[in-house]
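Only the coordinates and a few stated rules stand behind these numbers; no lab work does. Since we're looking at a predicted model, the values are computed, not measured. Ideal geometry is used to build each Cβ from the backbone, glycine not excepted, and the neighbour counts take in all protein chains shown.
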Ligand code: UT7
């Protein structure tokens, strides 16, 4: 025993909406192709006055409010991201100052691409066990619009900006989230170049191979979480999938015979928001009243690294 539960969630997406028709004015594509191949209809991109830290701050404030937790009660703050405004200071450090978290709060960024929020929850569960304060803040936040290659129609249609946050609490008598995380170092399938090569930083992806990796990884990861937690898929109240492609979600839903009321897709509105995708879903589900105290949510994600992760998340 000993584990975390979510006390409250929050989210923030930029004001500016980019539709499929808007993108069709830039690259050779169309609404019909994007909708049928991905499930995406629009996405939000940051405009003037918005950036990574403004999204993080609003999402975190809203999560703290929902949880009824004061900033001074937070012992650990993790921001999962691959697109912070600055490499130094870390987004979590700037957020510490914006929120007024205590100076001895352990604040750091974590890059596991689209699996980042689940890596963050797993790390948080381990760290809060040793923290003098038992509340933590985990965010997934991205401004992917900054790293889009507007000459590559295979990737620029997919990604959006946003931030999701969760306030969690650790207690010795609570069960663990039964997290499963994995990494397979590979810079061929999905990559954002950095300083070493001097290339412009934008997302480069072999979509077909990543699709195949996802379709294999999602059920494997789900099975591992269920086994670790000692439950079956029928015991799960809600399934939350990384929103990368509606077809990947549909395949998992079909394989596990998940009824429509037990899963949720918001990819049509936001596109793929990488680390933000799972907490955006959690936050929407909480606001829709679909998540209650005691709800058990199986979340699963995958992405660049390659990385994958799953967890059985309970709500306090
Ligand atoms: O979160 C990180 C993880 N990322 C993912 O999970 C992404 C996984 N991959 C995917 O979601 C899909 O592979 C994509 C949506 C990226 C691509 O879908 P696809 O069904 O694999 O298409 P494709 O790349 O095999 O391309 C099929 C055709 C090609 O034309 P030809 O060669 O058949 O004539 C492409 O040139 O569709 C063409 N195409 C497009 N057409 C219109 C590719 N992109 C577009 C586009 N609009 N945007």
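Once you treat every alpha carbon in the range 211-273 as an equal point and sum by Debye, what is log10 I(q)/I(0) at q = 0.23 Å⁻¹?
Here the Debye-derived log intensity ratios amount to -1.03.
Springs between alpha-carbon atoms under 10 Å, Gaussian network over the chain: tell me which of 13, 297, 88 tops the mean-square fluctuations.
Of 13, 297, 88, the most mobile in the Gaussian network model is 88.
Computed on alpha carbon atoms, what radius of gyration and Dmax characterise the range 258-302, expressed in Å?
Answer for the range 258-302, Rg first and Dmax second: 10.8, 29 Å.
Using alpha carbon coordinates only, what is the Rg to Rh ratio of the range 147-201, with Rh defined as the Kirkwood radius?
1.14
Quick one: pull the percentage of alpha-carbon pairs in the range 63-147 with a separation above 16 Å.
Value for the range 63-147: 50 percent of Cα pairs lie more than 16 Å apart.
Sorting 25, 66 on the 10 Å Cβ count, fewest up front, what's the list?
25, 66
Given 10 °C and 1.306 mPa s, how large is the Stokes-Einstein diffusion coefficient of the chain in µm²/s, with Rh as the Kirkwood radius over Cα pairs?
Answer, rounded: 82 µm²/s.
Post the alpha-carbon centroid distance, the range 126-145 to the range 1-57, in whole angstrom.
22
Could you tell me what a quarter of the Cα convex hull surface of the range 21-88 works out to, in nm² with one decimal place?
Spelled out: convex hull of the Cα atoms, projected over all directions, averaged, 7.5 nm².
Once the Cα atoms of the range 88-138 are picked out, what are the Rg and Dmax in Å?
Radius of gyration, then largest Cα-Cα span, for the range 88-138: 11.2, 30 Å.
Hey, if you drop one equal point scatterer on each alpha-carbon of the range 12-138 and run the Debye formula without solvent, what base-10 log of I(q)/I(0) do you get at q = 0.12, 0.15 Å⁻¹?
After summing over all Cα pairs, the log10 values are -0.56, -0.78.
How many angstrom lie between the Cα centre of the range 173-237 and the Cα centre of the range 240-254?
Centre-to-centre (Cα) distance: 13 Å.
Would you compute the Debye intensity of the range 100-205 from its alpha-carbon atoms alone, equal scatterers and no solvent, and pass along log10 I(q)/I(0) at q = 0.17, 0.19 Å⁻¹ to two decimals?
These q points yield log10 I(q)/I(0) values of -0.93, -1.05.
Label-point separation (nm) for residue 1 and residue 104, each offset 7 Å from Cα along Cα-to-Cβ?
If labels sit at residue 1 and residue 104, their model points lie 2.7 nm apart.
Pulled fully out, how much extra length does the chain show between residue 296 and residue 88, if you take 0.36 nm times their separation in residues and subtract their Cα-Cα distance?
Difference between extended and current length: 71.2 nm.
Output the Kirkwood hydrodynamic radius of the range 162-316, Cα pairs only, in Å rounded to one decimal. Don't skip to the answer; put the middle values down first.
Working: mean 1/r = 0.0607 Å⁻¹.
Kirkwood radius, the range 162-316: 16.5 Å.
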